[in-house]
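K.L.:
The following block contains the structure, expressed as structure tokens.
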Amino acid sequence: MSWKGSFWALVRDYQTQLGMLWLFLVFMLVLTVITLLFGERGTESYTLAVINLAIVLGFGSIVSAVFWMSIRHGRSH
């Protein structure tokens, strides 16, 4: 088995945990958006919320891509 096949087999084993991580990131995104909507611009907490938004969106896009690719890859085998 190639390293790619081993990698996707490992990812498929952790698909449930990836789904839970994705749900957690969506929850964090909702909380961050609420903070950005009702927070005061220019405060330190608002700046932290903007940084948190960038981190959540970046990490969330990686987790989403791996999760959906593992589902697609699992159907083909």
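We did not get these values from a lab; they are worked out from the coordinates using the rules stated. As the structure is a computational prediction, the values presented were derived from the model and not from experiment. With ideal geometry, Cβ positions are generated from the backbone for all residues, glycine too; neighbour counts draw on all protein chains shown.
K.L.:
Of a type in the set (D, E, K, R) and without any contact (Cβ under 8 Å) to a residue 24 or more places away in the chain: does that describe Arg12? Working first, answer last.
P.N.:
Working: of a type in the set (D, E, K, R): yes; without any contact (Cβ under 8 Å) to a residue 24 or more places away in the chain: no.
The answer is no for Arg12.
K.L.:
Going through Leu36, Leu31, Leu18, Leu48 one at a time, which residue ends up being under 13 Å from the mean Cα position of the chain (by Cα) and of a type in the set (A, V, I, L, M)? Steps first, answer last, please.
P.N.:
Numbers: Leu36 fails: under 13 Å from the mean Cα position of the chain (by Cα); Leu31 fails: under 13 Å from the mean Cα position of the chain (by Cα); Leu48 fails: under 13 Å from the mean Cα position of the chain (by Cα).
The match here is Leu18.
K.L.:
What do you reckon, is Tyr46 hydroxyl-bearing (Ser, Thr, Tyr) and within 17 Å of Ala65 (Cβ to Cβ)?
P.N.:
Numbers: hydroxyl-bearing (Ser, Thr, Tyr): yes; within 17 Å of Ala65 (Cβ to Cβ): no.
The answer is no for Tyr46.
K.L.:
Right, next: What pairs come up if the first residue lies in region 48-77 and is touching a residue at least 12 places away in the same chain (Cβ under 8 Å), the second is not in a helix (DSSP H, G or I), and their beta carbons are under 9 Å apart, counting only those six or more places apart or on different chains?
P.N.:
Pairs that qualify, where the first residue is touching a residue at least 12 places away in the same chain (Cβ under 8 Å) and the partner is not in a helix (DSSP H, G or I), are Ala49/Gly39; Ser70/Tyr14.
K.L.:
Here's a follow-up. When the residues of region 23-77 are filtered to those that are surrounded by 13 or more Cβ atoms within 10 Å (Cβ to Cβ) and hydroxyl-bearing (Ser, Thr, Tyr), which remaining residue is nearest to Phe7 (Cα to Cα)?
P.N.:
It comes out as Ser70.
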